[in-house]
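Some notes on the structure that comes next.
The values are calculated or read from the model by the stated rules, or taken from the named source; none is laboratory data. Here the structure is a predicted model, which means the values were calculated and not measured. Cβ placement follows ideal geometry from the backbone for every residue including glycine, while neighbour counts extend to all protein chains displayed. With ligands, DNA and RNA removed, areas are computed over all heavy atoms of the protein, side chains included. Shrake-Rupley method; radii C 1.70, N 1.55, O 1.52, S 1.80 Å.
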Amino acid sequence: MSLLPILRFPDPRLKKVAAPVTKIDDGIRRLAADMAETMYEAPGIGLAATQVDVHRRVVVIDVSEEKNQLRVFVNPEIVACDGSALGEEGCLSVPGIYDKVERAERVSVRYLDLDGRAQVLEAEGLLAVCIQHEIDHLNGKVFVDHLSQLKQGRIKSKLAKQARVTA
Ligand code: GNR
Ligand code: NI
């Protein structure tokens, strides 16, 4: 297993739209394992392949307290959703920035597991938020894209300033 470098907003590679996985092979299983290791080490509750500069539709999520309930989603698609709620979000690609985003409260997500079997998961709460956040990444979207232009500008200057002091 290996830790993968995480792209930082506003890296233009975060805007790429990921391609569907056509075959679940050892390369995809290896990618999912490396992404899980990277997510746990960060630490974070989710990671999309886009964030590690791999533009394929693969997501890992673990919202459990004990960090022992890894979920891997290949080609995830929201097939139904309802309700809406405003919740505070953060992102490993936008370190130190947190803001409220409106999301569906409940989602049904269809995806393939690592054995290539089609699955449907009904999610709510933090898991539902995280699934929506990760599918946004696969579509080239970061949570700050949901914020006003004014806030996006402030976030960019704050991150640029951080980058200068840590350089
Ligand atoms: O670790 C993460 N925490 C989080 C908190 C609220 C809403 C979404 C997230 S996802 C984030 C990890 C990440 O950047 N995934 O893309
Ligand atoms: Ni993110």
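Kirkwood hydrodynamic radius for region 1-131: how many Å is it when counted over pairs of different Cα atoms? Roughly 15.2 Å, rounded to one decimal.
A Förster distance of 45 Å, applied to the separation of the beta-carbon atoms of residue 77 and residue 157, puts the FRET efficiency at 0.80.
Only protein atoms count toward the accessible area here, which uses a 1.4 Å probe; on the chain, the carbon and sulfur part of that area reaches 52 percent.
Of the trypsin sites (Lys or Arg not before Pro) found in region 27-84, the ones in coil according to DSSP and having at most 14 other Cβ atoms within 10 Å of their Cβ are 67. Residue 64 exposes around 20 Å² of accessible area when a 1.4 Å probe is run over every protein chain in place.
Apply 1/(1 + (r/R0)^6) to the Cβ-Cβ distance of residue 3 and residue 165, taking R0 = 25 Å, and write down the FRET efficiency to the nearest 0.05. Intermediate values should be presented prior to the final figure.
Details: r = 23 Å, r/R0 = 0.94.
Between residue 3 and residue 165 the formula returns 0.60.
The modelled label-to-label distance between residue 26 and residue 117, using points 7 Å beyond Cα along the C-beta direction, is 2.3 nm. Counting only protein heavy atoms and a 1.4 Å probe, region 103-167 has 56 square angstrom of accessible area per residue.
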